[in-house]
């Protein structure tokens, strides 16, 4: 049985070899050779490169913070009363002095009328007293000290004060915007007593508070430019400047810092979470994209392009920002990088020392 199987396998192998021999015409590559030639281009490694030069590096400190409006106030009536009219809506932009809402004025009007009558009666009483003292009715010749005593004793002084108070209470039935801004949290309802009417927010400018490390204080100064991006839209950037640095370090080694930014296009909102980038230019640095640096054996490595090959080079990272590293030669490995070196900036994760590459 084994003999028959062996003979059949031998015959089958011979037929396959003959078939391959017949299929390869003169001047035509075999299947293996075709596969080898097809695979050859697939093995070529194309890379992007850059020439290393000393340049300025944007050292960045990245923090998170929250926006705080330039001004924010909860508006309410000074005197309690039933709200009769509301003249604004949520989100409405109002200027300083805009009428926001009103309460019922009928009782206040009656108090003003009553106070006016009391003042009239007190004025008559005052005139009678002065005439009784021998002064003319026009009171033009009454000495100041005599007039003051007469106003108090006649009730004129008190009545005048009561009228001023009644008029002020009437004016307080109307609620006006103390500054320009946007209406928010409109909670008041007509024909109800409302402890709070709405919140007024001046969102033309924002203050953002963030905290930096004590070690970073040397890179931050009042008036320094910052870039602010909402966490919900990292592609949009607003520019501002640092307005204050708290002269105290907290128990976590952090320093409170504030910056001010303008609300361009009214896209920012009070309480919004943002990312703050503080930039400082450092001159005479070798700067490479982050993709140009890989980590191998616990060291940072770049690949220089020399004569069509990738040359493994150890480096130290001096500083970093969102997109780049500032590098020098590795001190522990005693390597150097020089002005004019050609650095490979793409595909570095798949490279090894002395890999043959083709520069784009």
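Over the chain, what is the relative contact order in percent, taking alpha-carbon pairs closer than 8 angstrom and at least six residues apart? This gives 25 percent for the chain.
Backbone N atoms of segment 220-239 closer than 15 Å to the 7 Å Cα→Cβ label point of residue 66 belong to residues 231. Residues of segment 242-284 with an amide N closer than 16 Å to a point placed 7 Å from the Cα of residue 222 along the Cα-to-Cβ direction: 242-248, 256-260. Note on the chain: Cα-only Rg and Dmax are 42.4, 158 Å.
Computed over segment 105-172, the Cα gyration tensor eigenvalues convert (square root of 5λ each) into semi-axes of 28, 11, 8 Å, ordered from largest to smallest. Between residue 359 and residue 196, full extension at 0.36 nm per residue minus the direct alpha carbon distance yields a gain of 51.8 nm.
Pairing the Cα long axis of helix 106-132 with the longest principal axis of the chain, what angle in degrees results, from 0 to 90 and rounded to the nearest 10? Once rounded, the angle reads 40 degrees. Estimated from the Cβ-Cβ distance and a Förster radius of 45 angstrom, the FRET efficiency linking residue 269 and residue 249 is about 0.90. Relative to the longest principal axis of the Cα atoms of the chain, helix 144-154 runs at roughly 90 degrees. Based on C-alpha pairs under 8 angstrom that are at least 6 apart in sequence, segment 74-117 has a relative contact order of 40 percent.
Rule-based calculations on the coordinates, nothing more; no lab input. Given the structure is predicted, the values throughout are model-derived calculations rather than measurements. Heads up, the Cβs are rebuilt from the backbone with ideal geometry, glycines too, and the neighbour counts pull from every protein chain shown.
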